[in-house]
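Scroll down for the structure; my scribbles are underneath it.
The values are calculated or read from the model by the stated rules, or taken from the named source; none is laboratory data. Please read all numbers here as calculations on a predicted model, not as lab measurements. No Cβ is skipped: glycine too gets one built from the backbone with ideal geometry, and neighbour counts run over all protein chains shown.
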């Protein structure tokens, strides 16, 4: 007889905590409207039924769908980085986004300054 070996599967509580975390983050960002479902479908290519399950917190996205959510949603990416204990990477992502926003504001200010006619005496 062989000894029992193998991987320990995550507990049901851990799976439910992950599912709830994803659901809350999606609802915070997109809401519970049909438009939220359509947006999530567009981001992931998942079926309407799957997306409704994600928003309801009964199932969580897996594999390619989770990657697509991370690609399109900074909130999902941030939530997963925090859950993984990688706040340092989250800070780098946030700084990069802030730098881009500041650059956009500077470009907007420069554009406004160029469009103003100089006032003469």
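Kindly indicate whether residue 71 is touching a residue at least 40 places away in the same chain (Cβ under 8 Å), under 11 Å from the mean Cα position of the chain (by Cα) and either surrounded by fewer than 18 Cβ atoms within 10 Å (Cβ to Cβ) or not assigned by TED's automatic domain parsing to the domain that holds residue 25 (or both). It is false that residue 71 is touching a residue at least 40 places away in the same chain (Cβ under 8 Å), under 11 Å from the mean Cα position of the chain (by Cα) and either surrounded by fewer than 18 Cβ atoms within 10 Å (Cβ to Cβ) or not assigned by TED's automatic domain parsing to the domain that holds residue 25 (or both). Exactly one residue among 56, 60 is more than 14 Å from the chain's Cα centre (by Cα) and either closer than 23 Å to residue 74 by Cβ or at pLDDT 95 or above (or both), and that residue is 56. State whether one or more residues within the range 6-26 are outside any helix (DSSP H, G or I), out of contact with any strand residue (DSSP E or B) (no Cβ under 7 Å at 6 or more places or on another chain) and at pLDDT 85 or above. No - not one qualifying residue is present in the range 6-26.
Report those helices (runs of 4 or more DSSP H) wholly inside the range 34-121 carrying at least 2 residues which are farther than 23 Å from residue 21 by Cβ.
Correct list: 87-115.
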